[in-house]
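Computed from the coordinates by the stated procedures, all read-outs in this text should not be read as laboratory data. The shown structure was predicted, so the numbers you read here are calculated from the model rather than taken from an experiment. Note that each Cβ is placed from the backbone with ideal geometry, even for glycine, and that neighbours are counted across all protein chains shown.
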Amino acid sequence: MANEQDNQLKKVISHAKEYGFIFPSSEIYDGLSAVYDYGQNGAELKNNIKEYWWKFMTQMHDNIVGIDAAIFMHPTTWKASGHVDAFNDPMVDNKDSKKRYRADVLIEDAIGKMEEKIAKEVEKAAKRFGESFDKDMFVKTNPRVAEYQKKIDETNDRLKTAMSSGNMEAMKQLIIDLEINDPISGTKNWTDVRQFNLMFSTEMGSVADDANKIYLRPETAQGIFVNFLNVQKTGRMKIPFGIAQIGKAFRNEIVARQFIFRMREFEQMEMQFFVKPGTEMEWYEHWKQTRMKWHKALGLGNDNYRFHDHLNLAHYANAACDIQFNFPMGFKELEGIHSRTDFDLKSHEKFSGKKLQYFDVESNQNYVPYVVETSVGLDRLFLSILSNSLKEEKLASAEGEEGNERVVLSIPPALAPYKIAVLPLVKKDGLDEKAKSIADDLRSSFRCYYEEKDTIGKRYRRMDAIGTPYCITIDHQTLQDNTVTLRDRDTMKQERVAIAALKDKVSESVSLTGLLQSIK
Ligand code: GAP
């Protein structure tokens, strides 16, 4: 990771810890690798993100319902889903640094470097030719670019073939041919590439033999597939319809780095959309666009999102793409959208011996529906919001503000842990009592933070750092005319507002309803 990106991620990690968003798990024992706990503010932000997703799926779509399936499932589930045999990552060790890597990621990074070289050639030529520069023509005709592109295409083809056939020797050969160095030791001293299954297992019951081996689910989707008929029949659902779920998933990731981006215990928000066979590509396109709009409504900047089509498809998919986000480490996967065909339902039919079909009244036919899945990592979404919102700002001297710089977390107001802070200017003359009674009145509508210690400027700084969209200050004028100053987190502007008008004024910008309505 480049230094600047590295620093930005470090700042996010330390801010998350200092302000009660995220702590290393079991920190008093020096933590547990790639496992994290959400603190008092993190838990609130996470719950608000979940609510945004859940309401969008199950409240704004009358053909989507939500479930909450158990983490433990019958072990045959994972045989049927293909995870026992195929949920592997190819791993390779560097003998000098003793570091372990995902072989496919090393190769993809090498492809990324070749792509960067093309981008540099284009940039240079654009400067040279000025306004008359024709990028498409240049890319097609420049011999150096053509050479890089040829190598990229060949590498992608070889990677795809090796991954889909599970040919680990071919993977190793690619690493050799691409002359990939270990980023740490700088050497090419690699072990053979081996497959590594990512599922955690444990034993159920008191007898620890293999028959009782069960898995911690590596995706929430299977809990939806095995309940497909239960929900369809009891909910009288008609195709097309969706089943949504939020829950924990577990993966024994080979390389678990980059904070909450890649964890061993994480949370997914998944929706399986069941459609008539033959219509899946239409729905795949539909959900690609719909999910992108949902993300962009958060206001983190449209340029920070892009689609990335998968060349190496998972064992269940006939089309797949990621919505990538511009994290501190660069553009990386935030959400996956997959056309999963009828692979899962058919396979569960085969392994369970139970029919998992839908009777279509219009065509008078039974069929196994096709599935389009949207799957977003809650923790990654959390990281995208936190990292994008954390800002250090220089302040032009502003009345009532402390110091000449501030750290502010400009998270979308509807997702903020506290919506409003209630601050008596001083803790005397009855201002504190008045402030407490205002806070009590607001609490049924918003999460309020009440604080009376320190200067008002310091209290504003603390509220900025946890992303509280509004602060209200109760001063002596309040006792006379029942007005307060309302300070906006982002603009730092203050205005005098009647206490009676506060709820409406604040609701306008902090309500989840407003955010949901803004999805266009
Ligand atoms: N049911 C499909 C599925 O699980 P995936 O692309 O493997 O597909 C979906 O995962 C999403 O889950 C990813 O886009 C990512 O946001 C999140 N995710 C996957 N592995 C993760 C990990 N180790 N830590 C955090 N989030 C993860």
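In straight-distance terms, cross-link reach from Lys436 covers every one of the aspartates and glutamates whose alpha-carbon lies under 16 Å from its own, apart from those fewer than eight places away in the same chain; here that gives Glu451, Glu452, Asp475.
Among the trypsin sites (Lys or Arg not before Pro) within the stretch 412-461, which fall in a DSSP loop and have no more than 14 other Cβ atoms within 10 Å of their own Cβ?
Details: sites: Lys419, Lys427, Lys428, Lys434, Lys436, Arg443, Arg447, Lys453, Lys458, Arg459, Arg461; in loops: Lys419, Lys427, Lys428, Arg443, Arg447, Lys453.
Of the trypsin sites (Lys or Arg not before Pro), the ones in loops of the stretch 412-461 whose Cβ has at most 14 other Cβ atoms within 10 Å are Lys427, Lys428, Arg443, Lys453.
One Cα centroid belongs to the stretch 296-344, the other to the stretch 108-150; the line between them spans 25 Å.
Once you list every other residue whose beta carbon is under 12 Å from the beta carbon of Cys321, what net charge do they have if Lys and Arg are +1 and Asp and Glu are -1? Don't skip to the answer; put the middle values down first.
Values: positive: Lys288, Arg291, Arg306; negative: Glu285, Asp309, Asp322, Glu333, Glu335, Glu373.
Taking every Cβ under 12 Å from that of Cys321, the sum is -3.
Converting phi to 3J(HN,Hα) with the Karplus coefficients 6.51, -1.76 and 1.60 and the offset θ = phi - 60°, the stretch 306-319 yields 7, 8, 9, 6, 7, 8, 9, 7, 5, 4, 9, 10, 10, 6 Hz in sequence order, with x at every glycine or proline.
How much FRET efficiency would the formula 1/(1 + (r/R0)^6) give for Leu311 and Lys188, where r is the Cβ-Cβ distance and R0 is 30 Å, rounded to 0.05? Could you put the intermediate results ahead of the total?
Numbers: r = 25 Å, r/R0 = 0.83.
After rounding, the FRET efficiency stands at 0.75.
Summing +1 for each Lys or Arg and -1 for each Asp or Glu among the other residues whose beta-carbon sits under 15 angstrom from that of Thr155 gives -4. Extension gain, Lys248 to Phe138: 0.36 nm times the residue separation minus the Cα-Cα distance gives 34.8 nm.
Cα centroid separation, the stretch 348-397 to the stretch 18-97: 13 Å.
State the extension gain, in nm to one decimal, for the chain segment bounded by Asp109 and Leu395, taking 0.36 nm per residue of separation less the distance between their alpha-carbons.
99.0 nm
For Ala421, the amide hydrogen comes within under 5 Å of the amide hydrogens of Tyr449, Tyr470, Cys471, Ile472, counting only partners 5 or more places away or on other chains and with H modelled in the peptide plane. In this structure, Asp490 and Val361 have a Cβ-Cβ separation that, at R0 = 35 Å, corresponds to a calculated FRET efficiency of about 0.10. Applying the Karplus relation 6.51 cos²θ - 1.76 cosθ + 1.60 with θ = phi - 60° to the stretch 167-175 yields 3J(HN,Hα) values of 8, 6, 5, 5, 5, 4, 4, 4, 4 Hz, where x marks Gly and Pro. In order along the stretch 246-256, the Karplus-derived 3J(HN,Hα) couplings, from 6.51 cos²θ - 1.76 cosθ + 1.60 at θ = phi - 60°, round to 10, x, 6, 9, 9, 9, 7, 4, 5, 10, 10 Hz, and Gly and Pro are given as x. In this structure, the amide hydrogen of Glu267, modeled 1.01 Å from its nitrogen in the peptide plane, lies closer than 5 angstrom to those of Ala249, Leu378, Asp379, counting only residues at least 5 positions away or on a different chain. Among the trypsin sites (Lys or Arg not before Pro) in the stretch 173-236, those located in a DSSP loop and surrounded by at most 10 other Cβ atoms within 10 Å of their own Cβ are Arg236. What angle do you read, to the nearest 10 degrees and between 0 and 90, between the alpha-carbon axis of helix 431-442 and the longest principal axis of the chain? Approximately 40 degrees, to the nearest 10.
If packing is taken as the mean number of other Cβ atoms within 10 Å per residue, what is the order of 215-223, 287-295, highest first?
Details: 215-223: 22.1, 287-295: 17.1.
The packing order, highest mean first, is 215-223, 287-295.
Hey, which of these cross-link pairs are over 30 Å Cα-Cα: Lys11/Lys493; Lys99/Lys160; Lys113/Lys248; Lys98/Lys150; Lys95/Lys140; Lys150/Lys172?
Working: Lys11/Lys493 27 Å; Lys99/Lys160 25 Å; Lys113/Lys248 34 Å; Lys98/Lys150 33 Å; Lys95/Lys140 41 Å; Lys150/Lys172 20 Å.
Beyond 30 Å between Cα atoms: Lys113/Lys248; Lys98/Lys150; Lys95/Lys140.
With both partners inside the chain, how many of the DSSP beta bridges are antiparallel, as a percent to the nearest 5? Before the final figure, lay out the partial values.
Details: 70 of 82 bridges.
Counting only bridges with both partners in the chain, antiparallel ones make up about 85 percent.
Listed highest first by mean packing, meaning other Cβ atoms within 10 Å per residue, what order do 132-141, 341-350 come in? If you can, show how the numbers build up before the last one.
Details: 132-141: 10.8, 341-350: 19.0.
The packing order, highest mean first, is 341-350, 132-141.
Taking amide hydrogens as placed 1.01 Å from N in the peptide plane, the amide H of Leu334 sits under 5 Å from those of Ile323, Gln324, Phe325, each at least 5 positions away in sequence or on another chain. The aspartates and glutamates whose alpha-carbon is closer than 15 Å to the alpha-carbon of Lys458, local same-chain residues fewer than 8 away aside, are Glu399, Glu401, Glu402, Glu405.
Can you tell me the FRET efficiency between Thr234 and Gln173 if r is taken as the Cβ-Cβ distance and R0 is 56 Å, rounded to the nearest 0.05? Don't skip to the end; give the middle numbers.
Details: r = 53 Å, r/R0 = 0.94.
So the FRET efficiency works out to roughly 0.60.
What 222 nm value per residue comes from the helices of the chain, counting each DSSP H run with n ≥ 4 as -39,500 (n - 2.57) and dividing by all residues, nearest 500 deg cm²/dmol? Display every interim value, and only then the final one.
Numbers: 18 runs with 202 residues, N = 520.
Helix contribution divided over all residues of the chain: -12000 deg cm²/dmol.
For Lys503, the aspartates and glutamates whose Cα falls under 17 Å of its own Cα, not counting residues fewer than eight places away in the same chain, are Asp440, Asp441, Asp488, Glu495.
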